[in-house]
Structure formats: C-alpha cells, structure tokens
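Right, one structure below, let's go through it.
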Amino acid sequence: MATPRRVLARRAARLLGYWRSETRTFRQGLVALTISTAAGFIAGLTLAGSDQLLRDLPGLLVLIPASVGLRGSIFGAMGARLGTQIAAGLFVPNLRPGGPLRTNVEVTVVSALAASFFLAVIAKLVAAAFGESTISLWDLVTISVLSGAIASAVIIVLTVGLAITSFRRGWDLDAVATPLLTALGDMITLPAIVVAALITRTDAANAALATVCTVASAAAVLYAVTHASPITRRILREMAPIVAVTPIIDVFAGAVLEAQRDRLLTAAAVLIMIPPFVSQAGALGGILSSRLSSKLRLGVISPRGRPQPPALVDGSVVVALALVVFAFIGLAAWFIAEATGQIGPGIGSMLGASLLAGALVVPLMLVTAYYVAVATSRHGLDPDNAGVPIITSVMDLAGVSAVIFIMGVSGVI
C-alpha cells in the first residue's frame, strides 16, 4: 500500500511533468503578452493625451473601458472558438460559407454592431444613475458604434490572419489569441473613439452618422434573425445574454474612472498604466479561460468542483505570467511617464502599485475563469462563448478598481 509520502511524490512528479509539457505555451504566451502590453501603452498614452477631450465631453470616460472591453470580449471569444477548432482538427483555413472562419466572422460583425449600440444606451443610463452629466445619447451612439465598426473591421482581418498562421505554424492559439486581440482592441479602439468623438462636435455630421449607426445596428440584428446560418444563430443565442451583461460591468468600470477623473488627470502616469494593466489582466484570464475551454471540449478535464491537475497547471502558468507582466507594466509606465514629461509617482510606487493591484485581481481571475468554464460546460453550453467575455469584463472592473484603490491608499491620487 502506498504511503502518503509516496502518493504526494507521485502527484508532484505528475504536476512537474505537466508543467514541462507547457513550457512552449509559457514562452508563446509571454511573447504575446509582451507585445500586447507594449500595444496597451499606446492606448494609455492616447488616454493620457486626451485630457482636454475628456473635459469637453463629460461621460466619455464612462464609455471608454466598456467600448475597449467589448472588443476584447467579442474577439477573445472568437479566438477561443478558433483555438478549440484547431485543437480538435476541425479548422479549415478559408472563408467558405458554413466554415468555421466564415461563421465566426458573421457572429463577430453582428455582435460588434448590436452590442456597440446597446453600450451607448447603457453608458447613458449608468452615468445618470451615478449622477454624472454626459453628452447626448446620439453623441454616445455615434462614438460607440462608429469606433466599434472601425476597430472591428481592422481586428477581424488580423484575427483571421492570426488563426490561419497559428494553424499552419502549429502555434497554441489559446495562448496567443487573447493577449494579442485584447491589445489590438485597446490600441485601435481608443484612437477610433477619439476620432469619432471629434466628429460629434459637428452637429450635422453627428446627426447623419448617428442615424446610419442606428440603422446598421438594427440591420445586423435583422440579418441574424432572418438570414444567418443555424450555427451562427446558435452561437449568437448563447452569446447574447453574455454580451448584454458584460458591457454593464465595463460601464461600471468607466463610471469608477469618471468619478475619479479630476484626480486622475493630475497624475497622468496612472492613466498611462491603467489601459495596459486592465488589458493584461483580461488577457491573462482569457488565456486561462481559453485553455480550460479547449480541455473541457476535448475531454482532457471534467467539469468538477475541484480542479484537476491539468487545470491547476494552467492556473500556475497564468500566475507565473502575471508576475512578469505586472512588474513590466509598473516599470514601463514609470519610464514612459518620465520620457513624455507626465506627472506621476516614482519608480518604486509605480512598480509596487502594479504588483499589489495584480495580487488583488489574480485570485479573482483564477476562480472566475475556472468556475465559469465549469458552469457553462455543465449546462451544455460552449464555454468558449462565455468564458472570455465574462473574465475580460470582470477583470476590467476589478483592474480599474484595484489600481485606483492602491493609488488612493498610497496617496498618489
């Protein structure tokens, strides 16, 4: 009979073997996260440099996290589905009707347009509930839908290219898709929001664009109901409740930022750090969610309350990545603030704040990613359709709150 010591030794050896088998995933994930973090700082600089626009257009800061988060949710889910299809040998690298790429593109276009319009309405309502004055609903519709359409058009092309490249080169799409797509969402959506916001200053152009955006959103929903393929409609039905709820979480994250707007504008270095921090928190959660979803679909793990060894290894990989990424974000944010002459705390405060905020969000990330995947799988739903949108939205709110809490406690803001 095996002694407890031998049982523990066997389990430790098994976990070590799993970890060794995941070294390629760790390397690919670290490269993707590094690239996406650098891209996230472009979004941070855009946000820090838009201080006058944020003052002129009250309520815009409510919309920004939700609009950026929506891109990560929709395209992260698309990447997760494609990653599972590649792992299962079902992926076909073309856009033929009925194929996985064509289906995912249709789902993404409909989701992006309909959710962007819904987001504008929710942003207006939540801002009013917090007692914050905002620009008009039609201004918000123009900014949300137009920036969403611009960003989505670019990211769709890049997502398709990434999936085909991963399929042909044997990359782990679950490890690289969410970080890169989340960062692309940040990097492209924020400048698109600024462009769309500038258009709203011309009343005639804004009225015309708001009308076009409303019609386009309605047409997307009508297409989904009347012309989309059965599999497209199934995915949209599963995603609809998620896409309806997750933007509300992101809008609350924006409301937290809007409430701290004046204090944040006096410490622009913090504004530089927030987008990459929030983006990478969501990306790390997306990596875990995508990998768990693929393992559940392939039968590698079961939807149990207690995580099995492969799930524990996935979680440990994400924790190791988080330590490296959050340290890098704190150091890079300080360096960029210094190089661009932005006001902010010292290097020790920035590094410590990033690591402490990371320590607050990582446990929530691990628990949420695992049990969302388990719950959706137990109820017969595709965890790829729910996992990434939920985890990225939860991380948006948790990430913003954690950074502001740590910076507030330390006296920076």
Out of Val194, Val145, Val324, a Gaussian network model of the chain with alpha-carbon springs under 10 Å gives the largest mean-square fluctuation to Val324
Quick calc, the chain, dipole around Cα centre from Cβ unit charges on Lys, Arg (+) and Asp, Glu (-), nearest 20 debye, gives 1940 debye
The alpha-carbon pair-distance distribution computed for the chain, with 20 angstrom bins and whole-percent values, is 29, 57, 14, 1, 0
Percent relative contact order for the chain, counting Cα pairs under 8 Å at least six residues apart, stands at 26 percent
Given the candidates Pro65, Met187, Gly285, the one whose Cα lies deepest towards the positive end of the charge dipole of the chain, counting +1 at each Lys or Arg C-beta and -1 at each Asp or Glu C-beta, is Gly285
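In deg cm²/dmol and to the nearest 500, what is the mean residue ellipticity at 222 nm of the chain if only DSSP H runs of at least 4 residues count, each as -39500 (n - 2.57), divided by the residue total?
It comes out at -30000 deg cm²/dmol, rounded to the nearest 500.
Let me know the shape class of region 52-128, please: from the alpha-carbon gyration tensor, a ≥ b ≥ c as square roots of the eigenvalues, rounded when a/c is under 1.5, otherwise prolate if a/b is greater than b/c, or oblate.
prolate
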Karplus ³J(HN,Hα) for region 308-317 (6.51 cos²θ - 1.76 cosθ + 1.60, θ = phi - 60°; Hz, whole; x = Gly/Pro) runs 7, x, x, 5, 5, 5, 4, x, 5, 4
Of the candidates Ala208, Ala253, Leu222, the farthest towards the positive dipole end of region 202-272 (Lys/Arg Cβ +1, Asp/Glu Cβ -1, centred on the Cα centre) is Leu222
Connecting every pair of Cα atoms under 10 Å apart in the chain and solving the GNM, the largest mean-square fluctuation among Val107, Val300, Val400 falls on Val300
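A short reminder: the numbers here are calculations on the coordinates, not readings from a lab. Everything quoted here is computed from the prediction, not taken from an experiment. So basically every Cβ, Gly included, is an ideal-geometry build from the backbone, and we count neighbours across all protein chains shown.
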